[in-house]
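This report refers to the structure that appears directly beneath it.
The values are calculated or read from the model by the stated rules, or taken from the named source; none is laboratory data. Keep in mind that what you see is a predicted model, and the values were worked out from it rather than measured. Note: ideal-geometry Cβ built from the backbone for every residue, glycine included; neighbour counts use all protein chains shown. These area figures cover heavy atoms from the full protein model, side chains too; ligands, DNA and RNA do not enter into them. Shrake-Rupley method; radii C 1.70, N 1.55, O 1.52, S 1.80 Å.
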Amino acid sequence: MISEQEPESASREISLTRRGSALWATIERPHAMNSLTLGVLRGIEEAVDAVEESPDLRALVIAGSGRAFSAGADLTGVPDVTSAEGGADDFRNYLTEAGKAFARLASCRRPTIAAVHGYALAGGLELALSCDIIVAAEGAKLGDGHAKYGQFPAGGATARLPLRVGHAFAKYMMFSGAVLDGREAERRGLAEIVTDDGDLAATVDRLVESFSAASPLGLQRMKEQLEPTGVPLEDHIRAELDVAVEYARSADRDEGLAAFLEGRTPAFGNNASVNDAERSPA
């Protein structure tokens with residue numbers, strides 16, 4: 001366990017622990033380098049549900065126990081695609097479950113952080129890429145080794161990795177199986193923050209604290225607008241304007257403006273739901 005606090009809830013493969021205003025979902029398979037099973041993937045989806053259902057939680061942190069964040073999929077549990085008994089369908093269903101978990105994490109209404117130490121490889125890297133922010137320990141090892149072992153990514157790496165490191169460097173990483181340490185990952189844009197190996201949890205705690213001072217509704221709306229859409233720039237800006245007008249009707253916006261004018265710290269509510277936070281125009 002990264003946190004010394006008692007878990008609020010725990011499954012065999014994922015533990016949920018509260019640290020301040022964050023929920024830490026820690027993969028508990030250290031004997032297998034936290035390789036991803038269907039149980040782990042479902043536990044991640046449950047963690048997203050848990051943080052979204054708790055108004056006082058401001059962030060979700062994904063972490064790993066033992067010596068790794070996650071070394072990728074548990075290949076012992078992958079269906080045999082060549083099996084005559086529906087092998088291809090079973091394999092597709094397995095990959096679909098992984099994609100669903102990563103998509104659910106990516107669409108979480110709270111900020112999400114990958115606290116990466118040790119190995120984050122292949123599916124483990126895809127898990128980290130599904131988070132908003134990656135905080136990496138100096139000794140972390142991040143890479144995509146699918147091609148190296150005759151495998152193919154199916155958890156979003158070909159879409160998400162280029163958004164962080166650029167298309168050319170993503171090709172280099174995926175074709176060569178290159179592994180980056182924490183410092184190189186930060187330099188290449190794969191990690192937003194790098195920290196000493198022993199300071200990972202405390203660094204994440206400080207980051208969460210900075211989120212906690214912000215409007216929950218504002219963060220939710222910013223996250224939605226920051227997602228890549230593929231629409232023309234002018235359409236994206238027009239949509240941003242619509243959201244800004246909608247947000248201007250919220251209690252969080254009123255409180256933030258009042259606090260600024262009065263020279264005090266805002267006291268935002270815990271409810272990040274636009275339906276509850278909005279009020280009717282005067």
- Note on the structure: When region 28-43 is checked residue by residue, the ones that are open to solvent by 30 Å² or more (accessible area, probe 1.4 Å), more than 11 Å from ARG12 (Cβ to Cβ) and part of a loop (DSSP other than H, G, I, E, B) are MET33
- Scan (1) open to solvent by 50 Å² or more (accessible area, probe 1.4 Å); (2) assigned to a helix (DSSP H, G or I) for the single condition PRO228 breaks and write down its number. (2)
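Select from region 172-182 the residues that are touching a residue at least 40 places away in the same chain (Cβ under 8 Å) and either open to solvent by 50 Å² or more (accessible area, probe 1.4 Å) or within 15 Å of LYS148 (Cα to Cα) (or both) and list them in ascending order.
Once the filter is applied, which keeps residues that are touching a residue at least 40 places away in the same chain (Cβ under 8 Å) and either open to solvent by 50 Å² or more (accessible area, probe 1.4 Å) or within 15 Å of LYS148 (Cα to Cα) (or both), region 172-182 yields VAL179, ASP181.
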- Being open to solvent by 90 Å² or more (accessible area, probe 1.4 Å), within 18 Å of GLN220 (Cβ to Cβ) and modelled with pLDDT of 75 or more is the filter here, so list the residues in region 231-244 that pass it. LEU241, ASP242
- Scan region 123-142 for residues that are open to solvent by 20 Å² or more (accessible area, probe 1.4 Å), touching an Asp or Glu at 6+ places or on another chain (Cβ under 7 Å) and within 25 Å of LEU95 (Cβ to Cβ) and jot them down. LYS141
- Contact list, first residue from region 221-246 and more than 21 Å from PHE211 (Cβ to Cβ), second anywhere and open to solvent by 80 Å² or more (accessible area, probe 1.4 Å) and part of a helix (DSSP H, G or I), beta-carbon distance below 9 Å, six or more apart or interchain, is PRO228/LEU163
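A quick yes/no check of all residues on (1) open to solvent by less than 70 Å² (accessible area, probe 1.4 Å); (2) part of a loop (DSSP other than H, G, I, E, B); (3) at pLDDT 95 or above:
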| position | (1), (2), (3) |
| --- | --- |
| GLU184 | yes, no, yes |
| ARG187 | no, no, yes |
| LEU190 | yes, yes, yes |
| ASP199 | yes, no, yes |
| LEU207 | yes, no, yes |
| PHE211 | yes, no, no |
| LEU219 | yes, no, no |
| MET222 | no, no, no |
- Query: For ALA267, are the conditions met, namely being under 27 Å from the mean Cα position of the chain (by Cα), modelled with pLDDT of 85 or more and open to solvent by 50 Å² or more (accessible area, probe 1.4 Å)?
  - Reply: yes
- Would you say PHE152 is more than 24 Å from LEU23 (Cα to Cα) and open to solvent by 60 Å² or more (accessible area, probe 1.4 Å)? yes
- Query: Any idea which of VAL179, VAL204 is of a type in the set (A, V, I, L, M, F, W, C), more than 28 Å from ARG92 (Cα to Cα) and in contact with a strand residue (DSSP E or B) (Cβ under 6 Å, 6 or more places away or on another chain)?
  - Reply: VAL204
